[in-house]
Amino acid sequence: MKLAMIYSFLKNDLAVIEDAVNDTIQSNNTVLRDASSQLLQAGGKRIRPVFVLLGGKFGEYDIERMKAVAVSLELIHTASLVHDDVIDEAELRRGEPTIKARWDNRIAMYTGDYIFARSLETLSVLENPKAHQILAKTMVELCLGEIEQIKDKYNVHQNLRTYMRRIKRKTALLIAASCRLGAIAANVDEEKEKALYRYGYNVGMSYQIIDDVLDFTASEEELGKPAGSDLLQGNVTLPVLLSMENADFKKKLQRAFTGTEEETKEKLQPLIETIQTNGSIQRSLEISDLYLQKAYQSLNELPAGRAKQTLKGIAKYIGKRRA
């Protein structure tokens, strides 16, 4: 089953949000408008708006309030991807040229800043200080996660705790905030709001771990980039960390990271093949599943209904995701 089928009953509301996202990033400046539109037109799962809408289904659901939150969260995610591509010097995103590749780094950075600004402007219609405080703190953590990733590039002397904190900041907190802000916009009571936040956090952690696994196991066609791209860019993810428990592997990785770009690429290829066969992929998936089990436990605190069943279905889909 495709992911969109799980939340198909939200189709009409998601169409409203999609139109609003595209309207929001329009600009009189041609370059800014075209650059902002490029990544959105390349597609994406729009999973954060889905979590916003589902969070709202446990309270006083109003599409206009939901739309403001959902558009804001999706634009924050989009802006972070634009900046990510500059940091990673990425040429492709979702199989299409990045903004950085089509224009340059300066255009990409200002485009990301512009999308961030439009995100904050969109949420301003929600007159709830708590919502704005949560969003601001989430953005701070997102930036810290990006800085940590830059700092830890090509660093073999990091541990599991470092990795978990990084993916928490880069991925999990934004998904958790999507669930929570949807609930706040719908005046959901505090206990349910917290349960939704915990669900989003744990699903987000699982989602990112599986993303890091797919970087080694999915095809280039599925990924929109070559297998092992994260490692080639110096990003040490969970399968790599687990593989580094082998001292010989760690030494080879350190040597690979100290060569020229071409030498690094050549030396990393056999290490990527080792990661694919040494059991670290399966161990990573088992850790991902532990987070999913915590997500399911959080759902026990929510009332039965279509929204709860859909959240459960999404978690199940994420656990089985292979592309």
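The values are calculated or read from the model by the stated rules, or taken from the named source; none is laboratory data. A quick note: this is a predicted structure, and the numbers were derived from the prediction, not measured. Counting neighbours? That spans all protein chains shown, and the Cβs are built from the backbone with ideal geometry, glycine included. Note: areas computed on protein heavy atoms with side chains; ligands, DNA, RNA excluded. Shrake-Rupley method; radii C 1.70, N 1.55, O 1.52, S 1.80 Å.
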Exercise for the section: Would you mind working out the accessible area per residue for the stretch 63-217, using a 1.4 Å probe, and quoting it in Å²? Expected result: 41 Å²
Problem - In degrees, nearest ten, helix 306-320 long axis to first principal axis of the chain (Cα) - result: 10 degrees
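How large, in Å, is the chain by the Kirkwood hydrodynamic radius built from its alpha-carbon pairs? Kindly include the intermediate steps, with their values, before the conclusion.
On the way: mean 1/r = 0.0492 Å⁻¹.
Taking every pair of different Cα atoms in the chain, averaging 1/r and inverting gives 20.3 Å.
For the chain, which whole percent of the accessible surface, found with a 1.4 angstrom probe, sits on carbon and sulfur atoms? Don't skip to the answer; put the middle values down first.
Working: 7450 of 15160 Å².
Here carbon and sulfur together make up 49 percent of the probe-accessible area.
When only DSSP loop residues count, what GluC sites (Glu not before Pro) in the stretch 160-260 have their Cβ near at most 12 other Cβ atoms within 10 Å? Write down the numbers at each step before the final one.
Working: sites: E190, E191, E193, E220, E221, E222, E245; in loops: E245.
For GluC sites (Glu not before Pro) across the stretch 160-260 that sit outside H, G, I, E and B with at most 12 neighbouring Cβ atoms in 10 Å, the list reads E245.
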Handout entry: Viscosity 1.002 mPa s, temperature 20 °C, Stokes-Einstein D of the stretch 238-323 from Kirkwood C-alpha radius, µm²/s
Key = 138 µm²/s
Handout entry: Candidate aspartates and glutamates - alpha carbon under 20 Å from K251, same-chain residues fewer than 8 apart omitted
Key = D152, D230, E261, E262, E263, E266, E273
Completion exercise
Candidates Q233, Q276, Q41; GNM for the chain (alpha-carbon contacts under 10 Å) flags as most fluctuating Q41
Handout entry: Inter-centroid distance (Cα atoms) of the stretch 274-315 relative to the stretch 95-120, Å
Key = 32 Å
Problem - Distance between modelled label sites at Q26 and K137, nm, 7 Å Cα→Cβ extension - result: 3.6 nm
Problem - Filter on K151/K194; K67/K168; K57/K316; K100/K168; K170/K265 - keep pairs with C-alpha separation over 22 Å - result: K151/K194; K67/K168; K100/K168; K170/K265
Fill in the blank from the handout: At R0 = 30 Å the Cβ-Cβ FRET efficiency linking D113 and D19, nearest 0.05, sits at 0.80
Exercise for the section: Quick one: give the max-minus-min coordinate of the C-alpha atoms of the stretch 148-201 along each principal axis, largest first, in Å. Expected result: 45, 16, 10
Problem - Restricting the stretch 87-160 to GluC sites (Glu not before Pro) in coil, as DSSP defines it, with at most 11 other Cβ within 10 Å - result: E89, E127
